[in-house]
1. S11: accessible area at probe 1.4 Å, nearest 10 Å²?
2. Please list the equivalent ellipsoid semi-axes of segment 51-119, computed as the square roots of five times the alpha-carbon gyration tensor eigenvalues, in descending order and whole angstrom.
3. Can you compute the label reach from A23? Point 7 Å from Cα along the Cβ direction, backbone N cut-off under 11 Å, restricted to segment 76-113.
4. Give a residue-ordered list of calculated ³J(HN,Hα) values for segment 7-12 (Karplus: 6.51 cos²θ - 1.76 cosθ + 1.60, θ = phi - 60°; whole Hz; x for Gly, Pro).
5. Scan segment 49-119 for trypsin sites (Lys or Arg not before Pro) in coil per DSSP, keeping those whose Cβ has at most 16 other Cβ atoms within 10 Å, and list them by number.
6. Could you provide, to the nearest whole Å², the per residue accessible area of the chain with probe 1.4 Å?
7. So what is the relative contact order of segment 55-97, in percent, for Cα pairs below 8 Å that sit 6 or more residues apart?
8. Taking only Cα atoms of the chain, what ratio of Rg to Rh do you get with Rh as the Kirkwood inverse-distance radius?
Amino acid sequence: QVQLVESGGGSVQAGGSLKLSCAASGYTFSDYCMTWNRQAPGKEREGVAAIEIDGTTRYIESVKGRFTISRDNAQNTVYLEMNNLKPEDTAMYFCAAEHLTCGSGTDYWGKGTLVTVSS
């Protein structure tokens, strides 16, 4: 069975840093685009960052220069390094997998890890 398990969330002050991890199993990790997404209470879920199978990365404008997505295919893990965190980054963060190409449609979701940024 497919599992995506996020970890690394927590509470930090504005300007702080946090690194999220997503450990994947049950599918061929290296054949999937991996993404990080977030949802705050009362808000729609939004994509934050994506990494293609060839390592190409994309970010929403609000996190460019602050967040870095990376993947380790040998460990079946995708990471999100978050720096200079802002209160508006507060959300539940989810990782997800899309077969081959980002934008093809999400196949698998994790259960999420909570990030809280205080001012």
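The values are calculated or read from the model by the stated rules, or taken from the named source; none is laboratory data. Bear in mind that the values here come from a model prediction, so they are computed numbers and not experimental data. Note that we place each Cβ from the backbone using ideal geometry, even for glycine, and neighbour counts take in every protein chain shown. To get the accessible areas, we keep the full protein, side chains included, count just its heavy atoms, and leave off ligands, DNA and RNA. Shrake-Rupley method; radii C 1.70, N 1.55, O 1.52, S 1.80 Å.
1. Answer for S11: close to 100 Å² accessible.
2. One finds semi-axes of 22, 14, 12 Å for segment 51-119.
3. Output list for this probe position: 76-77.
4. For segment 7-12, the Karplus curve yields 8, x, x, x, 10, 9 Hz.
5. Answer in residue order: K64, R66, K111.
6. Per residue, the chain has 52 Å² of solvent-accessible surface.
7. 28 percent
8. 0.95
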